[in-house]
Each structure stands twice: as C-alpha cells, then as structure tokens.
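Report on the following structure.
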Amino acid sequence: MVKLIALYKTPADSADFDNQYFNTHIPLAMKMPGLIKAEISRVTGAPMGTAEYYLMAEMYFENKEALDAAMSSPEGRASAKNLMGFAKELVSMMFAEVEKVPAAV
C-alpha cells in the first residue's frame with residue numbers, strides 16, 4: 001500500500017482555508033479513482049512546542065500505479081488545480097510506502 005501525504009503550513013486565515021479545504025477540495029479529492037481511504041489530522045503541537053504545520057492529509061492507494069492513475073485522472077487533475085488555487089504556498093506533498101508494524105502485545 002502507498003499513500004500521498006500532504007503537509008499544510010499554518011495559513012494566514014485559517015477560517016478561509018478550512019472553508020476552501022473541507023467544503024471544496026476534500027469533496028473533489030475523495031472522487032479520485034482507486035482511493036482506499038483518506039485521513040486528515042489537525043496538528044495540535046510538537047515535542048518542542050509549536051508545530052510548523054496546520055494539517056496533514058494522508059490518502060491511501062493499493063500501489064504506486066493506482067496512485068499515479070488517480071493523480072492523472074480528471075478527478076485528480078481537478079483536485080490538484082483546486083488545491084494550487086488556494087494552498088500552493090502552504091502545501092508540501094510526498095509519496096510513502098506503508099510498512100507493516102507488528103501489533104503491540
């Protein structure tokens with residue numbers, strides 16, 4: 001399994017960002033083909049005090065090919081275009097392979 005991770009720096013206007021992100025961007029992103037699940041985490045702090053990030057989004061796909069297909073689909077392109085319209089300066093994106101970790105005893 002692979003995921004697309006998006007880290008968002010704290011916006012100048014968090015209410016406006018939240019409105020655009022949750023009411024427009026997320027509905028577009030959730031339409032991407034092959035998306036297994038998505039998680040959005042609101043960053044609340046860091047071990048050394050204030051965190052530089054505001055939100056973290058993780059979108060899971062079966063494999064890299066499914067992720068690539070989703071991103072190049074009409075839905076993926078619409079989602080990316082929307083995101084760049086309001087969060088281009090705030091977002092950092094990366095891909096990651098999900099590693100299995102044994103459950104705690």
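The values are calculated or read from the model by the stated rules, or taken from the named source; none is laboratory data. Small disclaimer: the values here were computed from a predicted structure and weren't measured. Every residue, glycine among them, receives a Cβ derived from its backbone with ideal geometry; neighbour counts consider all protein chains shown.
A few notes on this one:
- For segment 1-15, taking the residues that are farther than 14 Å from ALA38 by Cβ and of a type in the set (D, E, K, R), the one that is nearest to the chain's Cα centre (by Cα) is identified as LYS9.
- Which numbered condition ALA66 fails, given (1) of a type in the set (Gly, Ala, Ser); (2) closer than 20 Å to ILE26 by Cβ; (3) exposed (fewer than 11 other Cβ atoms within 10 Å of the Cβ): (3)
- Test set (1) surrounded by fewer than 12 Cβ atoms within 10 Å (Cβ to Cβ); (2) within 19 Å of MET1 (Cβ to Cβ); (3) not aliphatic (A, V, I, L, M) - PHE61 fails condition number: (1)
- Checked against the criterion of being at pLDDT 95 or above and among the small types (Gly, Ala, Ser), segment 91-100 has at least one qualifying residue.
- Only one entry of GLU75, GLU39, GLU62 meets the criterion of being at pLDDT 95 or above, among the acidic types (Asp, Glu), in contact with a strand residue (DSSP E or B) (Cβ under 6 Å, 6 or more places away or on another chain) and more than 15 Å from SER92 (Cα to Cα), and that entry is GLU39.
- All told, ALA78 meets the bar of being out of contact with any Phe, Trp or Tyr (no Cβ under 9 Å at 6 or more places or on another chain) and without any contact (Cβ under 8 Å) to a residue 60 or more places away in the chain.
- Subset of segment 1-49 (residues that are of a type in the set (D, E, K, R) and surrounded by fewer than 18 Cβ atoms within 10 Å (Cβ to Cβ)): LYS9, ASP13, ASP16, ASP18, LYS31, LYS37, GLU39, ARG42
- Some residue of segment 80-93 being farther than 19 Å from THR10 by Cβ and surrounded by 12 or more Cβ atoms within 10 Å (Cβ to Cβ): yes
- Screening MET48, MET84, MET56 for residues that are touching a strand residue (DSSP E or B) at 6+ places or on another chain (Cβ under 7 Å) and among the aliphatic types (A, V, I, L, M) leaves exactly one candidate, MET56.
- Test set (1) touching a residue at least 12 places away in the same chain (Cβ under 8 Å); (2) closer than 18 Å to LYS81 by Cα; (3) assigned to a helix (DSSP H, G or I) - ASP18 fails condition number: (1)
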